[in-house]
Amino acid sequence: MIDLTLIGIGTGDPEQLTLAAIRAMNAADLILLPRKGEDKTDLIAVRRHICASVLTGDTRIVEFDLPVRRGQGDYLGAVQDWHDAIAACWAEQLAVHLPAGGRFALLVWGDPSLYDSTLRIAERLRALGVDLRVSVVPGISSLQALTAAHAIPLNALAEPVVVTTGRQLRDHGWPAQADSVAVMLDGGCAFQAVDPAGVRIWWGAYLGMAGQTLVAGELTLVAPHIVEQRAALRARHGWIMDIYLMRKEKG
């Protein structure tokens, strides 16, 4: 039996880890850390720092090379194939490092329940014959980190919020019956596809990290600055993680 714990680590600041997350990390026999290539070494460096900051026992840390998702062809099909490849990597590592079973943990950015596929990939382990039991330790989501950084509420008073992706916003426009829209996984500044009149935006990149960058204001005024800033940050770091909230102003 493999006991898999998916541990939400927030935005990468060890001070944002919950006590439950720290306890789960120290209870694990094995923690796998994914390497995402030379241009994203900052990401594994954050995970290494978290482990060095909170581990006090004999938990083994093993790094592996994360498969690369193909960028051409059907998007959903490419994601499904990618998830299969990641599950196969996990299974290979488990066969080597926990052949008799044990407690296995993965450190998940933000919270494992919100626009993250680790839970879905874990289900693929069962299809590969792994006797698996899964538990989740929640973490601070990027949405929480964004609203905290800007010191704003997520929702307008008694109003709903739609959480969506850049792809959905770009393809389908502003969600119906929503005054507030939080957008994740946006690789192309999809806010440029909506009518900016009367819309405010709160944008953040590298939330909770040393390079945290924030922009807020009327979308008509700050959209070009966000596009320029985002491109410059990505060029400097080789990668970017960002999120934003938009709200239609009433009155």
Could you provide, to the nearest whole Å², the per residue accessible area of region 1-60 with probe 1.4 Å? 46
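Show me the chymotrypsin sites (Phe, Trp or Tyr not before Pro) within region 183-251 that DSSP assigns to loop and that have at most 12 other Cβ atoms within 10 Å of their Cβ.
Answer in residue order: no site qualifies.
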Charge dipole (debye, nearest 20) of region 100-142; +1 at Cβ of Lys and Arg, -1 at Cβ of Asp and Glu: 140
With Rg from the Cα atoms and Rh as the Kirkwood inverse mean 1/r over Cα pairs, region 1-79 has an Rg/Rh of 1.03
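How much of the accessible area of region 30-162, probe 1.4 Å, is carbon plus sulfur, in whole percent?
Working: 3800 of 7110 Å².
For region 30-162, the apolar C and S fraction of the accessible surface comes to 53 percent.
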Sparse-neighbourhood loop sites, trypsin sites (Lys or Arg not before Pro) in region 145-251 - DSSP loop, at most 16 other Cβ within 10 angstrom: Lys250
Calculated Cα Rg over 2.2 N^0.38 Å (choose from [x] 1.07; [y] 0.93; [z] 1.01), label: [x]
Given axes a ≥ b ≥ c from the Cα gyration tensor, I'd like to know whether region 33-139 is rounded (a/c under 1.5), prolate (a/b larger than b/c) or oblate. oblate
Relative contact order of region 1-98: what whole-number percent is it, with Cα pairs under 8 angstrom and at least 6 residues apart? 25
Give the relative contact order (percent, whole number) for region 114-251; include only Cα pairs under 8 Å separated by 6+ residues. 23
Projected onto the charge dipole of region 1-101 (unit charges on the beta-carbon of Lys, Arg, Asp and Glu, signs +1, +1, -1, -1), the Cα from Ala45, Met1, Leu33 with the largest positive-side position is that of Ala45
Quick one: length gained pulling Glu92 to Ser135 fully straight, 0.36 nm per residue minus the C-alpha distance? 13.4 nm
How high is the relative contact order of region 47-136, given as a whole-number percent (alpha carbon pairs under 8 Å, six or more residues apart)? 25
Assuming R0 = 25 Å, can you tell me the calculated FRET efficiency for the pair Val62 and Leu185, based on Cβ-Cβ distance, to the nearest 0.05? 0.35
Tell me which of Ala156, Val183, Leu128 sits at the most positive position along the dipole axis of region 86-216, charges placed on C-beta atoms (Lys, Arg +1; Asp, Glu -1). Leu128
Averaged per residue, what accessible area in Å² does region 161-251 show with a 1.4 Å probe, protein chains only? 48
Quick one: if you stick a label point 7 Å off each Cα along the C-beta vector at Lys40 and Gln212, how many nm between them? 2.3
In degrees, nearest 10, the alpha-carbon axis of helix 41-54 is tilted away from the dominant principal axis of the alpha carbons of the chain by 60
C-alpha long axis of helix 75-97 to longest principal axis of the chain, angle in °: 30
Which FRET efficiency, nearest 0.05, do Arg48 and Thr220 yield, Cβ-Cβ r, R0 35 Å? 0.25
In debye to the nearest 20, how big a dipole does the chain give about its Cα centre with +1 on each Lys and Arg Cβ and -1 on each Asp and Glu Cβ? 60
Work out how far the C-alpha atoms of region 1-45 reach from end to end along every principal axis, then list the three figures in whole Å, largest first. 33, 29, 12
In degrees, nearest ten, helix 118-127 long axis to first principal axis of the chain (Cα): 40
What number results when the radius of gyration of region 90-135, computed over Cα atoms, is divided by 2.2 N^0.38 Å? 1.19
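The values are calculated or read from the model by the stated rules, or taken from the named source; none is laboratory data. Note that the coordinates shown come from a computational prediction; the quantities given were computed from them, not determined experimentally. Positions of Cβ are backbone-derived with ideal geometry, glycine not excepted, and every protein chain shown enters the neighbour counts. Each accessible area value is taken on the protein alone, full model and side chains, heavy atoms only, with ligands, DNA and RNA left out. Shrake-Rupley method; radii C 1.70, N 1.55, O 1.52, S 1.80 Å.
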